[in-house]
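Peer 1: Just passing along the structure, written as structure tokens.
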Amino acid sequence: MRKLATWVLGLTAVLGALYWWYAADSRMPADADFPLDIAELRRLAGSLPGDLPREVRYEKVTAFSFPGAMIAAGDGWATQEMPIYAYQLVYPDHTAMIDSAMPRDLAKPEFMVPYYDEAAYGRVSAALEKASFILITHEHSDHSGGVLEHPRLASLLPALRLTQVQHDHPQYMKPAVVPEGSLANYQPLRYERATAIAPGVVAVAAPGHTPGSQMVYVKLADGHELLFLGDVSWKRGNIERQRERPRFVTEWLIGEDRHAVFGQLKSLHALSQREPAVRQVPGHDGDVVAELTAEGYLKPEFIRIGNP
Ligand SMILES: [Zn+2]
């Protein structure tokens, strides 16, 4: 009997340790760091001549339904919605895009996709064809799929600013697939830390969640500042509470550089304290998007403007 009790206790301890390691541990590494120089981003945003964007609009195309325990290490298993957005920058006489959501055939597994808005996706697909530039925050198909599976991908290439690192990691785009040969003569965007893309728009390399992850800083004509985080964090809580996704997600499902992402969470948290006017937009946080909409930073639904 005593032997059995020892066994049960031992097994419980082992399972507990494994659960803690893979599902709950989110200790910030002491040397985690990510240089994020907001003064430099502001300087770059003003470095190109031309009008700043007047507004940022969004489409919510679909969502994943994830257990909270997948989103932040140690959280409960109740499901949370992870809305999937595409953003449109509206200049006086043209538009541009950040991310492209994904077509319905990529929204899988179906039991984790609570809805799909075909009309919204139709507007995203049409807006991609009008955009003067298209930035993709990272390779994952819920951000890149709308471009990669676009029926007229070739016509989007002059506007598409896929980075060299994104271009070199098609395995991270699955199940989205770059059609054979379609990028044969494509010249990807190459930059080191940060680069001005257009008036008011700066790309910031943030490898970690994926090798080609980048954030996008946007300065609007009305002075509003937005920092699109891609999936550095899925929710605001990851930054507020400094909690990374659990290891069973980062190591088994994504293949993420946890150490790099911790550095980014730390820097973004510090930035949120120091520069609260720079509004951070996590990859999949409906509450943040609702707040920014109420405050006039974001507007729902794309508009059509300019020539194709
Ligand atoms: Zn995502």
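Peer 1: Would you check which residues across region 250-273 are in contact with a strand residue (DSSP E or B) (Cβ under 9 Å, 6 or more places away or on another chain) and under 18 Å from Ser213 (Cα atoms) and list them?
Peer 2: Scanning region 250-273 gives Gln264, Leu268.
Peer 1: So His169 ticks every box in (1) more than 18 Å from Gly145 (Cα to Cα); (2) over 13 Å from the mean Cα position of the chain (by Cα); (3) surrounded by fewer than 23 Cβ atoms within 10 Å (Cβ to Cβ) but one. Which box is left unticked?
Peer 2: (1)
Peer 1: Test of understanding: among Arg241, Arg245, which residue is over 24 Å from Leu135 (Cβ atoms) and either at pLDDT 95 or above or among the hydrophobic types (A, V, I, L, M, F, W, C) (or both)?
Peer 2: Every option except Arg241 fails the conditions.
Peer 1: Restricting the first residue to region 126-148 and requiring it to be farther than 21 Å from Ala194 by Cα, which pairs with a second residue that is part of a strand (DSSP E or B) and within 10 Å of the ligand (Cβ to nearest atom) meet a Cβ separation below 6 Å and a spacing of at least six or different chains?
Peer 2: Asp142/Ile84
Peer 1: Still on this structure, please answer the following. When only residues in region 135-149 that are within 10 Å of the ligand (Cβ to nearest atom) and open to solvent by 10 Å² or more (accessible area, probe 1.4 Å) count, which is farthest from Tyr121 (Cα to Cα)?
Peer 2: Here the answer is His140.
Peer 1: Any idea which of (1) modelled with pLDDT of 95 or more; (2) open to solvent by less than 60 Å² (accessible area, probe 1.4 Å); (3) in contact with a Gly (Cβ under 7 Å, 6 or more places away or on another chain) is the one Ala24 doesn't satisfy?
Peer 2: Going through the list (1) modelled with pLDDT of 95 or more; (2) open to solvent by less than 60 Å² (accessible area, probe 1.4 Å); (3) in contact with a Gly (Cβ under 7 Å, 6 or more places away or on another chain), Ala24 breaks only (1).
Peer 1: Provide a single number: the residues in region 198-234 that are open to solvent by 30 Å² or more (accessible area, probe 1.4 Å) and either within 16 Å of the ligand (Cβ to nearest atom) or farther than 18 Å from Tyr85 by Cβ (or both).
Peer 2: Residues flagged as open to solvent by 30 Å² or more (accessible area, probe 1.4 Å) and either within 16 Å of the ligand (Cβ to nearest atom) or farther than 18 Å from Tyr85 by Cβ (or both) within region 198-234 amount to 6.
Peer 1: Sort through Pro35, Pro53 and tell me the only one that's within 30 Å of Asp117 (Cβ to Cβ), part of a loop (DSSP other than H, G, I, E, B) and in contact (Cβ under 8 Å) with a residue 60 or more places away in the chain. Give the derivation first.
Peer 2: Numbers: Pro35 fails: within 30 Å of Asp117 (Cβ to Cβ).
From the options Pro35, Pro53, the qualifying one is Pro53.
Peer 1: Residues to consider are Ser26, Ser100; find the one that is of a type in the set (Ser, Thr, Tyr), part of a loop (DSSP other than H, G, I, E, B) and in contact with a helix residue (DSSP H, G or I) (Cβ under 6 Å, 6 or more places away or on another chain).
Peer 2: After applying the criteria, what remains is Ser100.
Peer 1: Does region 91-98 contain at least one residue that is within 23 Å of Arg193 (Cα to Cα), touching a residue at least 12 places away in the same chain (Cβ under 8 Å) and over 23 Å from the mean Cα position of the chain (by Cα)?
Peer 2: Applying the first criterion (within 23 Å of Arg193 (Cα to Cα)) to region 91-98 yields 96-98.
Filter once more, keeping what is touching a residue at least 12 places away in the same chain (Cβ under 8 Å): 96-98.
Of the ones still in play, those that are also over 23 Å from the mean Cα position of the chain (by Cα) are none.
Checking region 91-98: not a single residue is within 23 Å of Arg193 (Cα to Cα), touching a residue at least 12 places away in the same chain (Cβ under 8 Å) and over 23 Å from the mean Cα position of the chain (by Cα).
Peer 1: Same structure, new question: Could you grab me the full set of residues in region 251-286 that are in contact with a helix residue (DSSP H, G or I) (Cβ under 7 Å, 6 or more places away or on another chain) and either more than 15 Å from the ligand (Cβ to nearest atom) or open to solvent by 40 Å² or more (accessible area, probe 1.4 Å) (or both)?
Peer 2: Arg258, Leu265, Leu268, His269, Leu271, Ser272, Glu275, Val278, Arg279, Gln280
Peer 1: Name every residue in region 86-127 that is away from the ligand (no atom under 16 Å from the Cβ) and farther than 14 Å from Val61 by Cα, in order of residue number.
Peer 2: Leu89, Val90, Tyr91, Pro92, Asp93, His94, Thr95, Ala96, Glu110, Phe111
The values are calculated or read from the model by the stated rules, or taken from the named source; none is laboratory data. Remember, predicted model here, so these are calculated numbers, not experimental data. All Cβ positions, glycine included, derive from the backbone under ideal geometry; neighbour counts span all protein chains shown. What goes into the accessible areas is simple: the full protein's heavy atoms, side chains included, and nothing from ligands, DNA or RNA. Shrake-Rupley method; radii C 1.70, N 1.55, O 1.52, S 1.80 Å.
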